[in-house]
Amino acid sequence: MSGKTLRIAAIKEGTVIDHIPAEKIFSVVRFLKLDKASGPVSVATNLMSKLLGKKGVIKISGRELTSVEVEEIALLAPEATINIIKEYDVAQKRQVTLPKQIKGFVCCMNPNCITNKQPVSTRFSVKNQDGLKLKCSYCEREMGQRQIRII
Amino acid sequence: MMVSSSFKGRDVLSINDFSREDLLHLLKVAGELEKKPRPDLLKGKIMASLFFEPSTRTKLSFAASMLKLGGQVIGFADAGTTSVKKGETLWDTTRMVEAYSDVIVMRHSVEGAPRLSAEAASIPVVNAGDGANQHPTQTLLDLYTIQKEHGDFDGMTIGFVGDLKYGRTVHSLAVALSHFKCSMHFVAPNALKMPDSYISMLKEKGIVVTETDDLEGAAKEFDVLYMTRIQEERFPDPIEYQKYKSVYRIDKKILKLCKESVKIMHPLPRVGEIDPALDEMEQAIYFKQAANGIPVRQAILGLVLGKLE
């Protein structure tokens, strides 16, 4: 076996999320609640990547991500690719795409925003010029990718 | 979201929701109301004035505007006397108030509160200031004042002076004026300078922007000097506030450096950044500016209630 082989088992059915920046991998794990997954999940990080320097890969057996989850991963790791695996083969490969608006799963960074004071679902418009930015629909405050916190 | 040309039933929440056409239309309607009062226009209409935090000018001028149009006003100026104190949510308060009124005017210390209220209500909600976020009717009366006292926005040079970092009136007025071909000078100490996001936005829209901390050097350029208060409440450290509180003061000496036709504006309250000796000079238009809240707020109420087009 060459030294380039990943020591992470192939899966028969499920989803492989590739090209996750290494520092984001545990955020993606937390976000997808993979710590509570019932089936096998493989997580590898600090793998060499020409594109990213160091990348992470997550393999989730027996689960296909919903289109909403894919959009949400785009916020955390816009560089990621998602492969749907069927019978050990890549049945579908897709780049994550940013939605124009996201609802409900990111908190506003502004402690004085109504969404942090009353029972209100958050809502942000997504801008992706000169880096990813989320603008809160309520307090109108913009936050960058580093400030994104999942509820 | 950019709003459509019709104002009937619309919420007035953020200056970012207004197109150039919206702004010009609203100013035109305000001008018409000032020339020709309409004392019965809103007869039978009720404005709910929900002031969850203190206000002088805005609260009184909204109430006066409604009364001058023949409408009536209900509401409160202290949330401590309401069910909010018992833990009622803003959503529930709004649902209750909309049953009693035709339009809600709200000031709240929490940012985004008026937008939440607008989502809960089927009647129009007008934001009368939400924390450090928006105060769109102040911006509209600022625009009205500039148009009335100076004329066209295109070709004008405005100098914003003072606390440009935290001053929401400056941010909103700069956004509103970005629909026009004017030049903007931002005069502030480095610690209080205009946020980069606004500077980038203005440059993208082709606005000529100059940033400096030298008021005396820049003064000769201004057609309008928009002075702001250094806001003590924004400084976590009182020593920092002491350092900046008197950094700029408009007095006769500064006025001599300006064009003779310059107009001096201030959203008020002021605490010492404009010498009262200027008050009676024709360049000082800040009290006229406050008075212009009446026709502008009348126009807003008449338009959103569908009584004006």
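With charges only on Cβ, +1 for K and R and -1 for D and E, what is the dipole size of the range B:137-290 about its Cα centre, in debye, rounded to 20?
Using only the charged Cβ atoms, the result is roughly 80 debye.
For the pair B:Thr89 and A:Ala44, how long in nm is the line joining their label points, each one 7 Å along Cα→Cβ?
That separation, rounded to one decimal, is 4.6 nm.
What average number of partner chain Cβ atoms lie no more than 10 Å from the Cβ of the residues making up B:89-99? Present the calculation step by step, with values, prior to reporting the outcome.
Details: counts 4, 5, 3, 0, 0, 0, 0, 0, 0, 0, 0.
For this peptide, the per-residue mean of nearby foreign Cβ atoms is 1.
Hey, could you pull the Cα Rg and Dmax for the range A:101-150, both in Å?
Using the Cα atoms of the range A:101-150, the pair Rg, Dmax is 10.0, 32 Å.
Roughly how many whole Å is it from the C-alpha centroid of the range B:263-306 to that of the range B:4-36?
The range B:263-306 and the range B:4-36 have Cα centres separated by 18 Å.
Once you compute Rg and the Kirkwood Rh from C-alpha atoms, what is the Rg to Rh ratio for the range A:14-95?
Using only Cα positions, Rg/Rh for the range A:14-95 is 0.93.
Taking the number of other C-beta atoms within 10 Å as the exposure measure, put B:Met106, B:Met96 in order starting with the fewest. Mind dumping the intermediate values first?
Numbers: B:Met106 27, B:Met96 13.
Taking fewest neighbouring Cβ atoms as first place, the list is B:Met96, B:Met106.
Please report B:Tyr286, B:Tyr144 as a ranked list, fewest other C-beta atoms within 10 angstrom at the top and most at the bottom.
Least to most surrounded, the residues fall as B:Tyr286, B:Tyr144.
Can you pull out the trypsin sites (Lys or Arg not before Pro) in the range A:1-75 whose DSSP state is coil and whose Cβ has at most 13 other Cβ atoms within 10 Å?
Here the sparse-neighbourhood loop sites are A:Lys4, A:Arg7, A:Lys12, A:Lys33, A:Lys50.
Considering every pair of different Cα atoms, what Kirkwood radius, in Å, is found for chain B? Numbers along the way, then the final one.
Details: mean 1/r = 0.0500 Å⁻¹.
Answer for chain B: a Kirkwood hydrodynamic radius of 20.0 Å.
If only Cα atoms are counted, what is the Rg of the range B:236-309, and what is its Dmax, in Å?
Taking only Cα atoms of the range B:236-309, I get Rg and Dmax of 17.3, 51 Å.
Return the subset of A:Lys133/B:Lys203; B:Lys45/B:Lys148; A:Lys24/A:Lys54; B:Lys148/B:Lys288 for which the Cα-Cα distance in this structure is over 22 Å, preserving the input order. Each step should come with its number before you reach the end.
Details: A:Lys133/B:Lys203 19 Å; B:Lys45/B:Lys148 29 Å; A:Lys24/A:Lys54 11 Å; B:Lys148/B:Lys288 10 Å.
Those over the limit are B:Lys45/B:Lys148.
Along its principal axes, what span do the Cα atoms of the protein assembly as shown show, with the longest given first and each in whole Å?
The Cα atoms of the protein assembly as shown stretch 88, 55, 41 Å along their principal axes.
Where Rh is the Kirkwood radius over the Cα pairs of the range B:145-274, the temperature 4 °C and the viscosity 1.567 mPa s, what D in µm²/s does Stokes-Einstein return? Walk me through the numbers on the way to the answer.
Working: Rh = 14.8 Å.
D, rounded to a whole number, is 87 µm²/s.
Rank the residues B:Asp275, B:Asp142, B:Asp78 as a footprinting-exposure proxy: fewest other Cβ atoms within 10 Å of their Cβ go first.
Ordered from fewest to most neighbouring Cβ atoms within 10 Å, B:Asp275, B:Asp142, B:Asp78 come out as B:Asp78, B:Asp275, B:Asp142.
Every number in this text was worked out from the coordinates using simple rules, so none of it is lab data. All of these numbers come straight from a predicted model, not from anything done at the bench. Heads up, the Cβs are rebuilt from the backbone with ideal geometry, glycines too, and the neighbour counts pull from every protein chain shown.
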